[in-house]
């Protein structure tokens, strides 16, 4: 059963793919199931491969050689830096917002 | 299973050929291991359309936008000539020159000239195209943009659409069947050939404006190189 994607920065397909690949190289199907597990977001096959091709163009991920039809993708050094920057920014904004939400 | 495979193949054909060569086998493999529901088909088709827009040349993208504006005017002109006929629906108008006798309103505007310059500039910056190629890109833009008017011309030629000439103070309502209304201030009836060829007369000028855009693109690129060059 496909789950409806939630809105917000944490459901951005590119961020989710980079986060999934942070634990090591994966092929498309493994990325999709991993994202469903850790983020509770179901990416459509078209959305997944559109985001993958965009990340490859930006040199944030790179395809690995494989004998099968599914190629694994791995984070590049630039991709790891970009992911870390995005997550730090999100953590900073989240910390400020949560502090402001706390009753005085 | 064969039905499933044929749908997957059809969906993959929606993507640009270069993208399909690179990612097609993987996407096909992924789709073949999941049920093909309506949502999946829509998702893949929508992303294929996005990819096509992303991969399209600037001339095709900008030409498509101008074509849609003209097409809206053509549909409005035929469907509801009585409403604001001298605005968007006035697709063609009198020319101030001897030849052509009529011009496509949208293609005669200053905004269109800026679009042609932008097309030339964008083509150079994106592909590093020569100034001549930027001019050709602008001509391609003009050819795409003029398609709705040329279709109207063909439909007039084969007798599917009639031409109605409306002068100052006259009403554009009435008449049976498909009628294309031409608003004139000179009580002049254009020939079918004039309608059919009206967008083509703008193409040589498009070439010049595209080259101007290409030159601007070259200047921008040179500036960028100078800004990033080591001292």
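Kindly list the number of the only condition in (1) farther than 24 Å from residue B:90 by Cβ; (2) crowded, with 17+ Cβ neighbours inside 10 Å that fails for residue B:222.
Answer for residue B:222: the failing condition is (2).
Yes or no, residue by residue, for (1) more than 10 Å from every other protein chain (Cβ to nearest Cβ); (2) assigned to a helix (DSSP H, G or I); (3) without any contact (Cβ under 8 Å) to a residue 60 or more places away in the chain:
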site: B:34; (1), (2), (3): no, no, yes
site: B:41; (1), (2), (3): no, yes, yes
site: B:46; (1), (2), (3): no, yes, yes
site: B:59; (1), (2), (3): yes, yes, no
site: B:99; (1), (2), (3): yes, no, no
site: B:116; (1), (2), (3): yes, yes, no
site: B:119; (1), (2), (3): yes, yes, no
site: B:126; (1), (2), (3): yes, yes, no
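Could you tell me whether any residue of the range A:48-66 is touching a residue at least 40 places away in the same chain (Cβ under 8 Å), on the phi < 0 side of the Ramachandran plot and facing chain B (nearest Cβ under 9 Å)?
The initial filter retains those residues of the range A:48-66 that are touching a residue at least 40 places away in the same chain (Cβ under 8 Å), namely A:54-55, A:60-61.
Add one more test, that the residue is on the phi < 0 side of the Ramachandran plot, and what stays is A:54-55, A:60-61.
Then drop every residue that is not facing chain B (nearest Cβ under 9 Å), which leaves A:54.
Scanning the range A:48-66, I find at least one residue that is touching a residue at least 40 places away in the same chain (Cβ under 8 Å), on the phi < 0 side of the Ramachandran plot and facing chain B (nearest Cβ under 9 Å), so the answer is yes.
Applying the selection to the range B:1-32, what residues are within 11 Å of chain A (Cβ to nearest Cβ) and surrounded by fewer than 12 Cβ atoms within 10 Å (Cβ to Cβ)? If you could, list the steps in order and put the result at the bottom.
Start the filter on the range B:1-32 by keeping residues that are within 11 Å of chain A (Cβ to nearest Cβ), which leaves B:8, B:11-12, B:14-16, B:18-20, B:22-32.
Hit for the range B:1-32 is B:18, nothing else.
Considering each of B:202, B:221 in turn, give the residue that is assigned to a helix (DSSP H, G or I), in contact (Cβ under 8 Å) with a residue 60 or more places away in the chain and within 19 Å of residue B:154 (Cα to Cα).
The conditions single out B:202.
Say we look at the range B:48-57 and pick out the residues that are more than 8 Å from chain A (Cβ to nearest Cβ) and assigned to a helix (DSSP H, G or I); which of these is farthest from residue B:127 (Cα to Cα)?
B:49
Can we say residue A:80 is within 14 Å of chain B (Cβ to nearest Cβ), farther than 28 Å from residue B:35 by Cβ and at pLDDT 95 or above?
Working: within 14 Å of chain B (Cβ to nearest Cβ): no; farther than 28 Å from residue B:35 by Cβ: yes; at pLDDT 95 or above: yes.
Against the criterion (within 14 Å of chain B (Cβ to nearest Cβ), farther than 28 Å from residue B:35 by Cβ and at pLDDT 95 or above), residue A:80 does not qualify.
The values are calculated or read from the model by the stated rules, or taken from the named source; none is laboratory data. Since we're looking at a predicted model, the values are computed, not measured. Cβ sites come from the backbone with ideal geometry, for glycine too, and all protein chains shown count toward neighbours.
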